[in-house]
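**Student:** Please see the structure below; I have some questions.
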Amino acid sequence: MTEQASLYDRLGGLESVAFLARTLVIRAMLNPTIGHIWNHKTEAEVQEEISGFVDFLGMHWGGPQTYHGPDMATAHRGMGITEEYWDALFEDIVTPAFAEFGIPQQEADEIDAFLRSFKSVVVGSPSFKDVVKSHPDMDVMQGMRSVGINWPAPASA
Ligand code: HEM
């Protein structure tokens with residue numbers, strides 16, 4: 001049996017993965033349901049997010065990249081991402097992109113499953129601003145955990 005090429009190579013390597021990462025982030029930014037999250041992001045922050053996303057996807061899909069950014073819980077803790085935002089990401093952006101860019105079914109399914117596997121560490125964190133608002137005396141440097149908000153919930157809970 002011949003070994004199957006990596007998802008990274010099957011998609012067409014860096015050019016395709018970078019195009020996908022850039023397109024998904026830009027469309028998220030322009031989406032009516034979730035775009036507000038990027039309202040006050042700087043040019044450099046958006047550029048860094050895209051290059052971090054390229055490294056993250058490349059590293060997980062068999063490319064030569066190494067992702068140096070925070071883990072996914074840390075990257076999204078305090079962002080206030082809801083189920084509604086999550087659904088908008090997939091319904092408005094991810095799923096339509098597969099057909100639009102002619103990504104074959106098998107690769108589309110792998111990308112979809114990969115992205116969805118992070119749901120529990122992306123969705124459900126309260127917004128950090130709301131946490132601070134309702135705990136005005138908290139030590140922000142100790143984080144939301146210091147006021148009893150453990151997100152994501154421990155796996156054993
Ligand atoms: C509705 C869902 C999502 C929203 C609104 C969202 C939004 C964001 C935003 C605004 C950032 C930038 C944070 C910053 O500037 O420090 C970010 C970082 C990141 N997101 Fe998401 N995200 C979502 C889902 C996902 C999913 C499903 C993945 C797939 C694993 C993902 C992967 C990443 C990565 C890798 C970074 C870090 C980039 C870096 O710092 O190098 N996100 N996300």
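Bear in mind that the values in this text are calculations on the coordinates, not laboratory data. If you're wondering where the values come from, they're calculated on a predicted model, not measured in any experiment. Don't worry about glycine lacking a Cβ; one is built from the backbone with ideal geometry, like all the others, and counts go over all protein chains shown.
**Student:** Give me the percent relative contact order of segment 7-146, please, defined on Cα pairs under 8 angstrom at least 6 residues apart.
**Tutor:** On the way: 112 pairs, mean separation 37.6, N = 140.
Relative contact order comes out at 27 percent.
**Student:** Run the numbers for Ile37 and Met72: contour at 0.36 nm per residue of separation, minus the present Cα-Cα distance, in nm. All intermediate terms of the calculation are to be shown ahead of the outcome.
**Tutor:** Values: separation 35, 0.36 × 35 = 12.60 nm, distance 1.64 nm.
Net length gain for the segment: 11.0 nm.
**Student:** Could you run the Debye sum over the Cα atoms of segment 29-146, one equal point scatterer each and no solvent, and tell me log10 of I(q)/I(0) at q = 0.14, 0.20, 0.21 Å⁻¹, two decimals?
**Tutor:** The calculated log intensity ratios at q = 0.14, 0.20, 0.21 Å⁻¹ are -0.73, -1.38, -1.47.
**Student:** For labels at Ser134 and Met79 in the simple 7 Å Cα→Cβ model, what's the distance in nm?
**Tutor:** Those two pseudo-labels are separated by 2.1 nm.
**Student:** If you plug each phi of segment 121-132 into the Karplus form 6.51 cos²θ - 1.76 cosθ + 1.60 with θ = phi - 60°, what whole-Hz ³J(HN,Hα) values come out, in order, with x for Gly and Pro?
**Tutor:** Values, residue by residue: 10, 10, 8, x, 6, x, 6, 5, 4, 5, 4, 5 Hz.
**Student:** Rounded to whole Hz and in sequence order, give me ³J(HN,Hα) for segment 73-87 from the Karplus expression 6.51 cos²θ - 1.76 cosθ + 1.60, θ = phi - 60°, writing x for Gly and Pro.
**Tutor:** 5, 5, 5, 10, 5, x, 8, x, 7, 9, 4, 4, 5, 4, 4
**Student:** At 7 Å along the Cα-to-beta-carbon direction for both Ile26 and Asp87, put a label point, then send me their distance in nm to one decimal.
**Tutor:** 2.8 nm
**Student:** May I ask for the distance between the Cα centers of segment 1-27 and segment 95-157, given as a whole number of Å?
**Tutor:** Their Cα centres are 23 Å away from one another.
**Student:** At 15 Å minimum axial length over the Cα atoms and a Kyte-Doolittle cut of 0.5, report the qualifying DSSP H helices in the chain, or say none.
**Tutor:** Numbers: long enough: 14-30 (24 Å, 1.42); 43-61 (27 Å, -0.04); 105-116 (16 Å, -0.90).
Span-like helices, by this rule, are 14-30.
**Student:** I've got another one for you. Taking amide H atoms as placed 1.01 Å from N in the peptide plane, list the residues 5 or more away in sequence, or in a different chain, whose amide H sits under 5 Å from that of Ser127.
**Tutor:** Those lying under 5 Å, H to H, from Ser127 are Gly80.
**Student:** Using the number of other C-beta atoms within 10 angstrom as an exposure proxy, rank Asp137, Asp109 with the fewest first.
**Tutor:** Working: Asp137 6, Asp109 12.
By the 10 Å Cβ count, ascending: Asp137, Asp109.
**Student:** What trypsin sites (Lys or Arg not before Pro) does segment 1-95 have in DSSP loop regions with at most 16 other beta carbons within 10 Å?
**Tutor:** Values: sites: Arg10, Arg22, Arg27, Lys41, Arg77; in loops: Lys41, Arg77.
Here the trypsin sites (Lys or Arg not before Pro) that fit, given the DSSP loop and packing criteria, are Lys41.
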